[in-house]
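Please read the structure below before turning to the comments.
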Amino acid sequence: MTIPMTPLLHILWRDAHLVAVYKPAGWLVHRTGLDAGETRFVMQTLRDQLGQHVYPVHRLDKGTCGVLVMALHSDAARALSQAFEHGATTKRYLALVRGWAPDAIEVDHALKPDDAPSDAAVQDAHTRFRRLAQLTLPEASDARFASTRASLVEAVPTTGRRHQIRRHLKHLAHPIIGDATHGKGPLNRWWAERLGQQRLWLHAWQLTVPHPVTGVALALDSGLQWPAGNQPGAAWDATPAEPAHCDDSPTTDWQRLLARLPWEPSSGAR
């Protein structure tokens, strides 16, 4: 029996001190007993791919795709870990959510860890949200409504609690499509049938982090592009079209989502 080879990870940036990769949806950052059946791990794959040890300095949920940074030596790992711990980084995410989210809103809603006991102390948690685009489809995903609404939302967390963006969007009653823990099962299945895949639609789009040696801000980008090259606030091309990226691009799923649906710009993107 032929054992399938683990695909190589797409490298976004690399120097002697750190490496940034595109983490695919469905991959764990490293091995964990909480998901013993998983076989795809960024840390082990990247170690084999680069031929050297790598050090995790932050995490993304298994279902989240996008920019992930790892250090290439212990001093860099220490500096980067401190930058994440002390809020010296800026993270920008993109999420597909249920309904029309607010144009712009800040959520200051404390959270307990998902698996914490009922008497555990809550932790401060703060996220800024901005709706970039919205759509209305003339199909019912819920028998109570004649149509289905969705939004593309930018999320900028200023704290780093586990599942923070997912839980804050649930708090707003705009859960992320495909979120099996904090979302709506029937709606997730409706969208999975329409889009041809079941996944969490949360994307780590951009990350700015101080370089562990120079201290200069390093801006990292996943490579996701808007249809026709448009950026939020520019003229929006809502005509369904094939994405410019080839099928082996790590952002292909998101490119298709942006290009094939009738998105309209929101005032929050202007």
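The values are calculated or read from the model by the stated rules, or taken from the named source; none is laboratory data. Worth saying up front: this structure is predicted, and the values here are computed from it rather than measured. Cβ atoms come from the backbone with ideal geometry, glycine included; neighbour counts cover every protein chain shown. Accessible surface areas use protein heavy atoms only, side chains included; no ligands, DNA or RNA. Shrake-Rupley method; radii C 1.70, N 1.55, O 1.52, S 1.80 Å.
A few notes on this one:
- Distant alpha-carbon pairs in segment 33-168 (separation over 28 angstrom), percent: 35
- Rounded to the nearest 0.05, the FRET efficiency derived from the C-beta distance between ASP124 and ARG78 at R0 = 22 Å is 0.35.
- PHE145 - accessible surface, heavy atoms, 1.4 Å probe, Å² rounded to 10: 110
- Hz values of 3J(HN,Hα) by residue in segment 79-96 - Karplus curve (6.51, -1.76, 1.60), Gly and Pro given as x: 5, 5, 4, 5, 4, 5, 5, 9, x, 8, 10, 10, 10, 10, 10, 10, 9, 9
- Volume in Å³ per residue [convex hull over Cα atoms, computed for segment 143-188]: 79
- Close amide H contacts of ARG40 (hydrogens built in the peptide plane, cut-off under 5 Å, sequence separation of 5 or more or a different chain): LEU28.
- Reachable lysines from LYS23, criterion Cα separation under 20 angstrom, eight or more residues apart if same chain: LYS62, LYS91
- Charged side chains reduced to their Cβ positions (Lys and Arg at +1, Asp and Glu at -1) give the chain a dipole of some 300 debye around its Cα centre.
- Ellipsoid semi-axes in whole angstrom, largest first, where each is sqrt(5λ) of the Cα gyration tensor of segment 106-232: 28, 23, 13
- For segment 111-173, the average shadow cast by the Cα convex hull is 5.7 nm², which is a quarter of the hull's surface.
- Carbon and sulfur %, accessible surface of the chain computed with the full protein complex present, 1.4 Å: 51
- The chain: proportion of alpha-carbon pairs further apart than 26 angstrom, %: 44
- In the chain, the calculated helix contribution to ellipticity at 222 nm averages -5500 deg cm²/dmol per residue, counting -39,500 (n - 2.57) for every DSSP H run with n ≥ 4.
- Think of a 1.4 Å ball rolled over the protein heavy atoms: the chain then has 50 Å² of accessible area per residue.
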